[in-house]
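See below for the structure under consideration.
The values are calculated or read from the model by the stated rules, or taken from the named source; none is laboratory data. No experiment lies behind these values; they were computed from the predicted model shown. Glycine gets a Cβ as well: all are built from the backbone with ideal geometry, and neighbour counts include every protein chain shown.
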């Protein structure tokens, strides 16, 4: 597994070669096997190819157009160009997996402390599922891209998906071989604590 972790890359250019259903099933199974807080398994996976994928991309484009005049994320306006580029990647990838959280609380609702804690646990669980899927894709010789720019079209894509969208995973055979991006050293991000009692 460490080799898959080392070799995984975020792929933004894909070949047109179709991905076999058996491979998609293996990737989905990897997601389903992820750990989840209180075993809630707060996920539903919608696999879009062909015309369904085209419809989802149109929903993303509709959301980006709406975002320019009626922003859902007004403080993130500077990142809109990245979302527009993401749509082009979505169109090119042979497969899109939409990750919906059936347990999600609507974005407009203020959360109690208990609801916020549950939402954080559910988000962590979904992150584990997506990571499992990206690693299994790598194991199968496929490229993937974990997409979060979808939040610019949250309303439109959630309506298309029929539930609160948390992320999109693009899948396909990579047309590029990007180098690993730099990572912070352990010294920068790890703090060891060892409290002893007397």
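Of the residues 89, 130, 97, which single one is over 18 Å from residue 153 (Cβ atoms), within 19 Å of the chain's Cα centre (by Cα) and surrounded by 13 or more Cβ atoms within 10 Å (Cβ to Cβ)?
130
Is at least one residue of region 165-175 touching a strand residue (DSSP E or B) at 6+ places or on another chain (Cβ under 6 Å), surrounded by fewer than 21 Cβ atoms within 10 Å (Cβ to Cβ), more than 20 Å from residue 56 (Cα to Cα) and in contact (Cβ under 8 Å) with a residue 60 or more places away in the chain?
The answer is yes, given that some residue of region 165-175 is touching a strand residue (DSSP E or B) at 6+ places or on another chain (Cβ under 6 Å), surrounded by fewer than 21 Cβ atoms within 10 Å (Cβ to Cβ), more than 20 Å from residue 56 (Cα to Cα) and in contact (Cβ under 8 Å) with a residue 60 or more places away in the chain.
Any residue that is modelled with pLDDT of 95 or more, farther than 14 Å from residue 57 by Cα and assigned to a helix (DSSP H, G or I) - is there at least one of those in region 140-160?
No, because not a single residue in region 140-160 is modelled with pLDDT of 95 or more, farther than 14 Å from residue 57 by Cα and assigned to a helix (DSSP H, G or I).
Is region 92-107 home to any residue that is touching a strand residue (DSSP E or B) at 6+ places or on another chain (Cβ under 6 Å) and in a helix (DSSP H, G or I)?
Yes: one or more hits.
Of the residues 118, 83, 34, which is farther than 20 Å from residue 148 by Cα and within 20 Å of the chain's Cα centre (by Cα)?
The conditions single out 118.
Among residues belonging to region 47-60 that are free of Cβ contacts under 8 Å to residues at least 60 places away in the same chain and part of a helix (DSSP H, G or I), point out the one that is nearest to residue 17 (Cα to Cα).
Checked region 47-60; the qualifying residue nearest to residue 17 (Cα to Cα) is 50.
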